[in-house]
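In what follows, a single structure is set out as structure tokens and then discussed.
Only the coordinates and a few stated rules stand behind these numbers; no lab work does. Only a predicted model underlies this, so the values are computations on that prediction, with no experimental measurement involved. Cβ coordinates were reconstructed from backbone atoms using ideal geometry, including for glycine residues, and neighbour counts include every protein chain displayed.
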Amino acid sequence: MKKIGFLVASLVASLFASTAFADVAVKLGVLNDRSGVYSDLAGEGSVVAAQMAVEDYKAADKGITVEIISADHQNKPDIASNIARQWYDQDGVDAILDVPTSSAALAVAEITREKNKIFLNSGGGTSDLTGKACSPNTVHWTYDSWQLAHGTASAVVANGGKKWFFVTADYAFGQAMERDATEVVKEGGGEVVGSIRHPFPGTDFSSYLLQAQSSGAQVVAFANAGGDTINSVKQASEFGLAQSGQQLAGLLVFANDVHSLGLQTAQGLMLTESFYWDLNDQTREWSARFEEKMNKKPSMVQAGVYASVLHYLKAVEALGDKDATKVMAKMKETPTDDILFGKGMIRADGRKIHQSYLFQVKKPEESKGEWDLYNLVSTIPAEQSFRPLDKGGCSLIK
Amino acid sequence: MTAITDTNESTIVVEQASGSMPRHHLVIFALLLLLSLAAPFFLYPVFLMKVMCFALFACALNLLLGFGGLLSFGHAAFFGSAAYVSAHAARVWGLTPEVAIILGTLSAAVLGAVIGLLAIRRQGIYFAMVTLAFAQMVYFAALQAPFTGGEDGIQNVPRGDLFGAISMRSDFSLYFVVLVITFGGLLAIYRIIHSPFGQVLKAIRENEPRAISLGYRVNSYKLTVFVLSATFAGLAGATKAIVFQLASLTDVYWTMSGEVVLMVLLGGMGTVFGPLVGAAVIVTMQNYLASFGAWVTIIQGCIFVISVMLFREGIVGVIAKWIRKPL
């Protein structure tokens, strides 16, 4: 495994020896996609975010020695589970961070539970992590598929988009997203006039988009992810769906996707995120520091890695111990508060609760810069952002 | 330059070694056994189990490719479907691991019979393409079928208790179970290769029309070796699912088929020990170069090119030529 060589000298720490000195050494492993479709969203940026958290927290002064290592799981659950196992068994890793790609995240969650360590997920999307597959060792920090689908769908329905058409990736994750969003549309008094499944991964969406266009739907929603979303939005723009008056809604779109699509193509797209660099002064300041190191604005996933490491370190410092059971209990009982996600909490099922934001992608003429991508449409309060505790089917909830 | 010489040279030597096991093979098997008994005390057992599963998988393909002369480009279908069946059996039906593995292996055998029956009617590139096509169908089924969990795969497969009694939760005890399976598989393949059946296979590989003219029913031989190879590939896949507690799309994807062909070619096609070496080299590379991400594939590609250009017989094939003994 690649060592980032991020070691805070204990020598310095000893100079500052003072009260409540924790003197704990923790090892964090950032496991994500470093070469494929999610390397932009997570990748090295997540490692940098974790390092920033350690620096900002001044962990060394507080007696916590932090080492951060990273590896590439190539978005494959088998590679992810191999690395996770090896990290826990051999390399003495205390917590695994990030892990985008739901299948890989689920695999890591299981191994973390088996080895009784801590899994601070930021990049994984599936709401099963705090539902069917919930674990006392998982914190699902940044977002989940329920949140994004609900946030976008309920807002669009409330704004009068009543007739929906789904373009869905034909696999479990896409179908689950479509199902979640359909529920919201029907609750809001809307109707689903049609849906079509495209093979996963897909490249040619023309026939699906033509059906969407001729369906008479007001809203065309993309229940897919990553490269599929980028391709389908791009082609929707070529077919002029937005120009013919249809509202496009992305159920899983990130700022990086929009950035790579360009505003010309993505304009008007509605989407939900938990974090955007341009929310307030604090997020702007942090994002500027991040940009200095990475030459791009942080994604919400990277922001989530930062915030989750801060909260983890807080718990370790308070306890003066890194025992997984104790740290998890401490993390759940302490309310979360950081500059990026504001005030929040970690629920019993491992779900981190915070506000989320409904955005609409700007028109090119509205944008003031390369990363000026979104107009904030509305803020979804924390208590409405995530699936209610009793609806997830998590076995930890009685 | 070795590259110019005929690739069959080393394998012809193998054919002389029929009947009882030659002494140097016995020595190698004994050394292998000793090595693998000692290895978990020094190396990470899960890594070693992965090597063993892939070694068995590569040996299974080698049986078909090296001795039957049939290049299957769809062996992931057997490996993966067995992994799915055994994972499902262990997780959903709650069967003990040995029953799950047997079920997985059997399912691969059945699948092998079906695909083999159709595939062996064609030769050369068409055979490879037919197997690839079937493997893609299996991949599609794995992606879509309700019980496979789509791109999540079947996760959290319990390792369970062997025979309902011996807990396999520790990597250590599981290691020795996998060792028994792999070694058993290896010996069985060795026996098949050196049986009269194996001799006929080699005859068919060298000259099919001549074998037909001698009165052998070539197609039934080919089908048999295809099914056998699928079965051992299934055994490897089913075991892998229990070891990693996971059956995923990676196991049925075409890159898996390609990877195992690479292992066989790199180690030495048509040698007994070649696939073991090939699997060990490739898995070790994947493990220790994991931090390079996608570069692993590129490095693998380079190694493949080098091996084709410089030592076409594979690592073990070259060694066999040096020591002038079949390996």
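For the reader, a short list of remarks on this structure follows.
- Check: the range B:18-253 dipole with +1 on Lys, Arg Cβ and -1 on Asp, Glu Cβ, in debye: 620
- Taking every Cα-Cα distance in chain A and sorting them into 20 Å bins starting at zero, the pair-distance distribution P(r) comes out as 29, 57, 13, 1 percent.
- Under 16 Å from the Cα of A:Lys332 - lysines, other chains or at least 8 residues apart: A:Lys117, A:Lys314, A:Lys322, A:Lys343, A:Lys352
- For the protein assembly as shown, the mean residue ellipticity at 222 nm estimated from helices alone is -17000 deg cm²/dmol, where every DSSP H run of n ≥ 4 contributes -39500 (n - 2.57) and the total is divided by all residues, rounded to the nearest 500.
- At least 24 Å along the helix axis (C-alpha) and Kyte average at least -1.0, DSSP helices within chain A: A:300-319
- Rel. contact order, % - alpha carbon contacts under 8 angstrom, at least six apart, chain A: 17
- Over 22 Å between alpha carbons, listed pairs A:Lys115/A:Lys326; A:Lys62/A:Lys326; A:Lys132/A:Lys391; B:Lys50/B:Lys325; A:Lys27/A:Lys132: B:Lys50/B:Lys325; A:Lys27/A:Lys132
- Euclidean distance between Cα centres, the range A:283-315 to the range A:90-153, Å: 19
- Residues A:Thr336, A:Thr142, sorted so that the one with the fewest Cβ neighbours within 10 Å comes first: A:Thr336, A:Thr142
- Computed over the range B:18-253: relative contact order in percent, which uses C-alpha pairs under 8 Å that are six or more apart: 41
- For the range B:18-253, convex hull volume per residue from C-alpha positions, Å³: 119
- Lysines whose Cα lies under 21 Å from that of A:Lys162, excluding same-chain neighbours fewer than 8 positions away: A:Lys186
- Choice from A:Ser207, A:Ser215, A:Ser102 showing the highest fluctuation, given a GNM over chain A with Cα pairs closer than 10 Å: A:Ser207
- Rough spin-label spacing in nm, given labels placed 7 Å along Cα→Cβ, for B:Arg23 and A:Asp170: 6.3
- Of interest is the spacing of the C-alpha centroids, which for the range B:101-130 and the range B:161-224 amounts to 15 Å.
- The protein assembly as shown: C-alpha gyration tensor shape, a/c 1.5 cut-off, then a/b vs b/c: prolate
- Separation of alpha-carbon centers, the range B:250-304 and the range A:187-264, rounded to whole Å: 39
- DSSP-assigned coil residues among chymotrypsin sites (Phe, Trp or Tyr not before Pro) in the range B:14-88, each with at most 13 further Cβ atoms within 10 Å: B:Phe42
- Placing a pseudo-label 7 Å from each Cα along the Cα-to-Cβ vector at B:Ala165 and A:Gln211 gives an inter-label distance of 5.7 nm.
- Unpaired Cys in the protein assembly as shown, meaning no second Cys C-beta under 4.7 Å: B:Cys53, B:Cys59, B:Cys302.
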